[in-house]
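Written below as structure tokens is the structure these notes are about.
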Amino acid sequence: MTNILTKLQSDPFANLLGVEIDEITCGYAKCSLIIKESMLNFGGFPHGGMIFSLADVAFSGAACSLHQASTALNINGNFSGTSKVGNRIVAEAKLTNESRKFSYFTIEVKDGEKLIASFNGTAYKIA
């Protein structure tokens, strides 16, 4: 897990967003960030792309914890709430099933106990 943790902590885009890697175990990753003014959309709400990016970092960590070389094939989901500047949002990716070449995950993004987005992801095991 140390190698995956090091890779995620050095990810340039995750660092740009201020993503913190809170936990990684086999088939699981938890990441978080604090919402800043620069992350708001024109309506004054946290940008969906930023929320999706946080979920994607957690998905990547969980997938690569199984096989160090995996790539996302598909991620789909729904936005069901919002957050505000200064709040910490948390993304948790959990393995739900896997086969020889594919692994399947649920990813939830929460502000405290409030679910603000949920995704399903499929990863392809490269190696």
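The values are calculated or read from the model by the stated rules, or taken from the named source; none is laboratory data. Since we're looking at a predicted model, the values are computed, not measured. Glycine also receives a Cβ, built like all others from the backbone with ideal geometry; neighbour counts cover every protein chain displayed. Accessible surface areas use protein heavy atoms only, side chains included; no ligands, DNA or RNA. Shrake-Rupley method; radii C 1.70, N 1.55, O 1.52, S 1.80 Å.
General remarks:
- ALA55 being buried (at least 20 other Cβ atoms within 10 Å of the Cβ) and out of contact with any helix residue (DSSP H, G or I) (no Cβ under 9 Å at 6 or more places or on another chain): yes
- Flag for THR122 being surrounded by 14 or more Cβ atoms within 10 Å (Cβ to Cβ), farther than 20 Å from GLU23 by Cα and modelled with pLDDT of 95 or more: yes
- Single residue of THR82, THR106, THR96 found to be among the β-branched types (Val, Ile, Thr), assigned to a loop (DSSP other than H, G, I, E, B), more than 21 Å from SER10 (Cα to Cα) and free of Cβ contacts under 8 Å to residues at least 60 places away in the same chain: THR82
- Residues in region 68-110 that are within 30 Å of GLY43 (Cα to Cα) and open to solvent by less than 30 Å² (accessible area, probe 1.4 Å): SER83, ILE89, ALA91, ALA93, ILE107, VAL109.
- Members of region 37-52 found to be open to solvent by 40 Å² or more (accessible area, probe 1.4 Å), part of a helix (DSSP H, G or I) and under 17 Å from LYS110 (Cα atoms), listed by number: PHE52
- Among the residues of region 8-36, those identified as in a helix (DSSP H, G or I), of a type in the set (A, V, I, L, M, F, W, C) and open to solvent by 60 Å² or more (accessible area, probe 1.4 Å) are PHE13, LEU16.
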